[in-house]
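K.L.:
The structure under discussion is supplied below as C-alpha coordinates; questions concerning it will follow.
The values are calculated or read from the model by the stated rules, or taken from the named source; none is laboratory data. All values reported here derive from a predicted model rather than from experimental measurement. Positions of Cβ are generated from backbone atoms using ideal geometry, with glycine treated the same way; all protein chains shown enter the neighbour counts.
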Amino acid sequence: MTVKEIINKLEEIEGSLDDAYYSLPEYEANSDSSSYIDSARDELYVLKENVEKYSREMAEKIEATRDMWEEAYFNSVS
(Lines give C-alpha, C1' and ligand atoms only; values in the text may rest on other atoms or scores of the structure.)
Protein backbone atom coordinates (compact mmCIF):
# COMPACT_ATOMS: atom_id res chain seq x y z
CA MET A 1 0.00 0.00 0.00
CA THR A 2 1.40 3.38 -0.97
CA VAL A 3 1.41 6.44 1.26
CA LYS A 4 -1.19 8.05 -1.01
CA GLU A 5 -3.45 4.99 -0.63
CA ILE A 6 -3.01 5.14 3.16
CA ILE A 7 -3.93 8.83 3.20
CA ASN A 8 -6.98 8.13 1.01
CA LYS A 9 -8.09 5.36 3.37
CA LEU A 10 -7.63 7.67 6.38
CA GLU A 11 -9.78 10.28 4.61
CA GLU A 12 -12.50 7.65 4.05
CA ILE A 13 -12.40 6.76 7.75
CA GLU A 14 -12.46 10.47 8.60
CA GLY A 15 -15.62 10.87 6.50
CA SER A 16 -17.27 7.92 8.23
CA LEU A 17 -16.43 9.30 11.66
CA ASP A 18 -17.72 12.74 10.66
CA ASP A 19 -20.97 11.15 9.45
CA ALA A 20 -21.29 9.21 12.72
CA TYR A 21 -20.59 12.31 14.81
CA TYR A 22 -23.09 14.53 13.01
CA SER A 23 -25.84 11.89 12.71
CA LEU A 24 -25.80 10.97 16.41
CA PRO A 25 -28.87 12.45 18.11
CA GLU A 26 -28.07 15.00 20.79
CA TYR A 27 -29.47 13.16 23.79
CA GLU A 28 -27.79 13.03 27.17
CA ALA A 29 -27.64 9.25 26.79
CA ASN A 30 -25.45 9.71 23.70
CA SER A 31 -22.88 11.99 25.31
CA ASP A 32 -20.38 9.16 25.87
CA SER A 33 -20.75 7.94 22.29
CA SER A 34 -20.31 11.46 20.99
CA SER A 35 -17.19 11.88 23.09
CA TYR A 36 -15.71 8.59 21.86
CA ILE A 37 -16.38 9.47 18.23
CA ASP A 38 -14.90 12.94 18.69
CA SER A 39 -11.81 11.44 20.34
CA ALA A 40 -11.38 8.98 17.46
CA ARG A 41 -11.66 11.85 14.99
CA ASP A 42 -8.96 13.80 16.83
CA GLU A 43 -6.65 10.78 16.90
CA LEU A 44 -7.26 10.19 13.20
CA TYR A 45 -6.43 13.83 12.36
CA VAL A 46 -3.11 13.51 14.20
CA LEU A 47 -2.33 10.20 12.49
CA LYS A 48 -3.12 11.66 9.07
CA GLU A 49 -0.90 14.69 9.74
CA ASN A 50 1.94 12.41 10.85
CA VAL A 51 1.64 10.23 7.74
CA GLU A 52 1.66 13.32 5.50
CA LYS A 53 4.67 14.74 7.37
CA TYR A 54 6.52 11.42 7.09
CA SER A 55 5.75 11.29 3.37
CA ARG A 56 7.17 14.80 2.84
CA GLU A 57 10.28 13.99 4.89
CA MET A 58 10.92 10.78 2.92
CA ALA A 59 10.49 12.64 -0.38
CA GLU A 60 13.05 15.23 0.77
CA LYS A 61 15.51 12.50 1.80
CA ILE A 62 15.08 10.70 -1.52
CA GLU A 63 15.72 13.95 -3.39
CA ALA A 64 18.82 14.69 -1.29
CA THR A 65 20.14 11.17 -1.88
CA ARG A 66 19.53 11.46 -5.62
CA ASP A 67 21.37 14.79 -5.69
CA MET A 68 24.28 13.27 -3.77
CA TRP A 69 24.57 10.34 -6.19
CA GLU A 70 24.35 12.61 -9.23
CA GLU A 71 27.09 14.83 -7.84
CA ALA A 72 29.28 11.82 -7.06
CA TYR A 73 28.73 10.44 -10.57
CA PHE A 74 29.54 13.72 -12.33
CA ASN A 75 32.65 14.18 -10.17
CA SER A 76 33.85 10.68 -11.07
CA VAL A 77 33.46 11.13 -14.85
CA SER A 78 35.02 14.57 -15.06
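To keep it simple, each residue is scored yes or no on (1) of a type in the set (Gly, Ala, Ser); (2) assigned to a helix (DSSP H, G or I).
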| site | (1), (2) |
| --- | --- |
| Met1 | no, no |
| Glu11 | no, yes |
| Glu14 | no, yes |
| Ala29 | yes, yes |
| Ser33 | yes, yes |
| Tyr36 | no, yes |
| Ala40 | yes, yes |
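K.L.:
Let me ask something additional. For residues that are within 16 Å of the chain's Cα centre (by Cα), polar (S, T, N, Q) and either over 19 Å from Asn50 (Cα atoms) or modelled with pLDDT of 95 or more (or both), tally how many sit in the range 1-34.
P.N.:
2
K.L.:
Kindly provide the set of residues from the range 8-55 that are of a type in the set (Lys, Arg) and surrounded by 11 or more Cβ atoms within 10 Å (Cβ to Cβ), ordered by number.
P.N.:
Narrowing the range 8-55 to residues of a type in the set (Lys, Arg): 9, 41, 48, 53.
Once the filter is applied, which keeps residues that are of a type in the set (Lys, Arg) and surrounded by 11 or more Cβ atoms within 10 Å (Cβ to Cβ), the range 8-55 yields Lys9, Arg41, Lys48.
K.L.:
Which ones in the range 19-29 are under 15 Å from Ala40 (Cα atoms) and out of contact with any helix residue (DSSP H, G or I) (no Cβ under 7 Å at 6 or more places or on another chain)? Quick ask: steps written out before the conclusion?
P.N.:
Just the residues of the range 19-29 that are under 15 Å from Ala40 (Cα atoms), to begin with: 19-22, 24.
Those that are under 15 Å from Ala40 (Cα atoms) and out of contact with any helix residue (DSSP H, G or I) (no Cβ under 7 Å at 6 or more places or on another chain): Asp19, Tyr22.
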